[in-house]
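Contents: one structure, followed by commentary.
The values are calculated or read from the model by the stated rules, or taken from the named source; none is laboratory data. Only a predicted model underlies this, so the values are computations on that prediction, with no experimental measurement involved. Methodologically, a virtual Cβ is constructed for each residue, glycine included, from the backbone with ideal geometry; neighbour enumeration extends over all protein chains shown. With ligands, DNA and RNA removed, areas are computed over all heavy atoms of the protein, side chains included. Shrake-Rupley method; radii C 1.70, N 1.55, O 1.52, S 1.80 Å.
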Amino acid sequence: SQQGEEDPQALSIQEGENATMNCSYKTSINNLQWYRQNSGRGLVHLILIRSNEREKHSGRLRVTLDTSKKSSSLLITASRAADTASYFCAPSGSARQLTFGSGTQLTVLP
Amino acid sequence: GAGVSQSPSNKVTEKGKDVELRCDPISGHTALYWYRQSLGQGLEFLIYFQGNSAPDKSGLPSDRFSAERTGGSVSTLTIQRTQQEDSAVYLCASSFLLAGQETQYFGPGTRLLVL
């Protein structure tokens, strides 16, 4: 299975703080993607990092990838209440379909 | 529209009835995926279509589930003789390959409740 496992399961922070969530996986990958989901619906693609990249930035998002440890992290800087959502990682390898774990539920308190 | 659309947004049905869920992918996207997500769970792959190739049905949980993609665009997921355990959010995604990388864009989902 190329399913990623997110950690922690839940994270609660104050607005303005940084949030870090981690992803571990077991198989070889071509890339790894992070998605966000609000209110149980609406999966939104955040960022894709290729297997030959180690770090990538997009706005307030910073993603790292360590293929030797089969892990990735997503950092959200200067968090806002609107960042409250579930975050999923999706390692992508030989199989086209995505498999998500249970995600990290991020709550940003105003 | 600019994104993936799905209909209906909500569906309540009685156990044993058939339901059809529709997905309109992003124009030009060659791949279309169906997933489902049960309450508090991750994403479960059901089926995907790629161009004119035979669909990958390996994720369909039983023969009560089937899907079609007509004309390489719109897709319909059909669940026959629905059961309560079929209750979930059914998500559709479409994608295209760019430089060997693929990003899937998801629709808002259909929330199915089987009573």
(message) Restricting to region A:73-92, give me the number of residues that are open to solvent by 10 Å² or more (accessible area, probe 1.4 Å) and within 12 Å of another protein chain (Cβ to nearest Cβ).
(response) 2
(request) Quick one: A:Ile47 ticks every box in (1) buried (at least 19 other Cβ atoms within 10 Å of the Cβ); (2) within 14 Å of chain B (Cβ to nearest Cβ); (3) within 16 Å of A:Phe100 (Cα to Cα) except a single one, so which number is it? (result) (1)
(request) Assess whether B:Leu39 counts as being within 17 Å of A:Leu98 (Cβ to Cβ) and either surrounded by fewer than 21 Cβ atoms within 10 Å (Cβ to Cβ) or over 13 Å from the mean Cα position of the chain (by Cα) (or both). (result) no
(request) Would you confirm whether any residue within region A:18-25 is more than 11 Å from the chain's Cα centre (by Cα) and of a type in the set (Phe, Trp, Tyr)? (result) yes
(message) Can you find a residue that is at the interface with chain A (Cβ under 10 Å from one of its Cβ atoms), open to solvent by 60 Å² or more (accessible area, probe 1.4 Å), assigned to a strand (DSSP E or B) and basic (Lys, Arg) anywhere in region B:8-31?
(response) no
(request) May I ask you to verify whether B:Glu68 is charged (D, E, K, R), under 18 Å from A:Thr99 (Cβ atoms), open to solvent by 50 Å² or more (accessible area, probe 1.4 Å) and in a strand (DSSP E or B)? (result) no
(message) Exactly one of these conditions fails for B:Asp56: (1) modelled with pLDDT of 90 or more; (2) at the interface with another protein chain (Cβ under 9 Å from one of its Cβ atoms); (3) within 21 Å of A:Phe88 (Cα to Cα). Give me its number.
(response) (3)
(message) Any residue in region A:84-110 that is over 29 Å from B:Ser53 (Cα atoms) and polar (S, T, N, Q) sitting within a Cβ distance under 9 Å of a residue that is modelled with pLDDT under 90 and assigned to a loop (DSSP other than H, G, I, E, B)? List the pairs, counting only those 6 or more apart or interchain.
(response) A:Ser86/A:Gly40; A:Ser86/A:Ser102; A:Ser102/B:Gly40; A:Ser102/B:Gln41; A:Ser102/B:Gly42
(message) Consider region A:1-23. How many of its residues are in a strand (DSSP E or B) and either away from every other protein chain (no Cβ under 14 Å) or of a type in the set (Phe, Trp, Tyr) (or both)?
(response) 8
(request) Return the residue satisfying two criteria in turn: it lies in region A:54-72 and is of a type outside the set (A, V, I, L, M, F, W, C), more than 14 Å from every other protein chain (Cβ to nearest Cβ) and assigned to a strand (DSSP E or B), and of such residues it is most open to solvent (accessible area, probe 1.4 Å). (result) A:His57
(message) So if I check each of B:Lys15, B:Lys57, which one is basic (Lys, Arg), in contact (Cβ under 8 Å) with a residue 40 or more places away in the chain and touching a strand residue (DSSP E or B) at 6+ places or on another chain (Cβ under 8 Å)?
(response) B:Lys15
(message) Looking only at region B:71-85, filter to residues that are in a loop (DSSP other than H, G, I, E, B) and open to solvent by 40 Å² or more (accessible area, probe 1.4 Å); which one of those is modelled with the lowest pLDDT?
(response) B:Ser73
(request) For residues that are among the β-branched types (Val, Ile, Thr) and within 10 Å of chain A (Cβ to nearest Cβ), scanning just region B:82-109, find the one that is nearest to B:Cys23 (Cα to Cα). (result) B:Val89
